[in-house]
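Below is one structure, written out as structure tokens; comments come after it.
The values are calculated or read from the model by the stated rules, or taken from the named source; none is laboratory data. Remember, predicted model here, so these are calculated numbers, not experimental data. All Cβ positions, glycine included, derive from the backbone under ideal geometry; neighbour counts span all protein chains shown. We work out accessible area using only protein heavy atoms, side chains counted, and drop any ligands, DNA or RNA first. Shrake-Rupley method; radii C 1.70, N 1.55, O 1.52, S 1.80 Å.
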Amino acid sequence: MNEPYWWYILFVRAGAEHRVVNDLRRFFAHSGIPYETDPFCPESECYYRSKELRKLGKNYIRRPLFPGYVFLETNMPADEFIGQAGRYIYASSDIIRLLKYGESDEIAMPENERKRFEFLLRGKRCIERSVGYIEGDVIHIEGGALVGLEALITKIDRHNRSATVELDMFGRRVTTRVPLEIVSKS
């Protein structure tokens, strides 16, 4: 995406994230808008215990990282975005509203928040599983999206191979589960 670019966030009906992403892609492809747009739903790998998946050699599936939210990366300024995409957003039965930050009417995700989240995604649209070990009470991450971000981890669920992390998102502090496989504990 060419600089400058912004991320806008749509609050959608849970379970409709991928449908909204596909609808937005079609809308912007046929609208003739001279801006680049890339709607996406950030995902996370989740450990899934299923006989069917184990037979296929898969233990992880992808799920929305933030159920009920769709992100739109674009170089379209906010006033243009509201004018061009507003009619589609407000006519859609799957989109509840466009997220605004704080008491202001600012709709673009703050740049510092966006950059932190891009760092966590590592240039992908999915947080891939991390691998680490526990030594005493200290968590050491050896590979994956959480390398260097051990301080964000608030809880580890070794049985479900996940960690709960706390992030500053959507103008507030949110918790979400990300994949983390602890290979040893000493």
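Here are some notes:
- Among residues that are assigned to a loop (DSSP other than H, G, I, E, B), open to solvent by 10 Å² or more (accessible area, probe 1.4 Å) and among the aromatic types (Phe, Trp, Tyr), TYR101 is included.
- In the range 127-186, the qualifying residues are those that are out of contact with any strand residue (DSSP E or B) (no Cβ under 6 Å at 6 or more places or on another chain), in contact (Cβ under 8 Å) with a residue 24 or more places away in the chain and among the charged types (D, E, K, R), and the one that is most open to solvent (accessible area, probe 1.4 Å) is GLU135.
- Taking (1) within 30 Å of ASP157 (Cα to Cα); (2) in contact with an Asp or Glu (Cβ under 8 Å, 6 or more places away or on another chain) in turn, GLU43 satisfies each apart from (2).
- For GLY148: the one exception among (1) under 20 Å from the mean Cα position of the chain (by Cα); (2) closer than 21 Å to PHE71 by Cα; (3) part of a loop (DSSP other than H, G, I, E, B): (2)
- Filter result for LYS185 (within 25 Å of ASP38 (Cα to Cα) and among the charged types (D, E, K, R)): no
- Screening GLY171 on (1) within 19 Å of the chain's Cα centre (by Cα); (2) at negative phi shows it passes everything except condition (2).
Yes/no matrix, rows are residues, columns are (1) among the charged types (D, E, K, R); (2) over 16 Å from PRO64 (Cβ atoms); (3) in contact with a Pro (Cβ under 7 Å, 6 or more places away or on another chain):
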| residue | (1), (2), (3) |
| --- | --- |
| PRO110 | no, yes, no |
| GLU113 | yes, yes, no |
| ARG116 | yes, yes, no |
| LEU120 | no, no, no |
| GLU135 | yes, yes, no |
| GLU142 | yes, yes, no |
| SER162 | no, no, yes |
| LEU167 | no, no, no |
| ARG172 | yes, yes, no |
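Condition check ((1) within 22 Å of TYR60 (Cα to Cα); (2) of a type in the set (S, T, N, Q)) across all residues:
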| site | (1), (2) |
| --- | --- |
| SER92 | no, yes |
| SER104 | no, yes |
| ARG129 | yes, no |
| GLU135 | no, no |
| ALA145 | yes, no |
| MET169 | no, no |
| ARG172 | no, no |
| SER186 | no, yes |
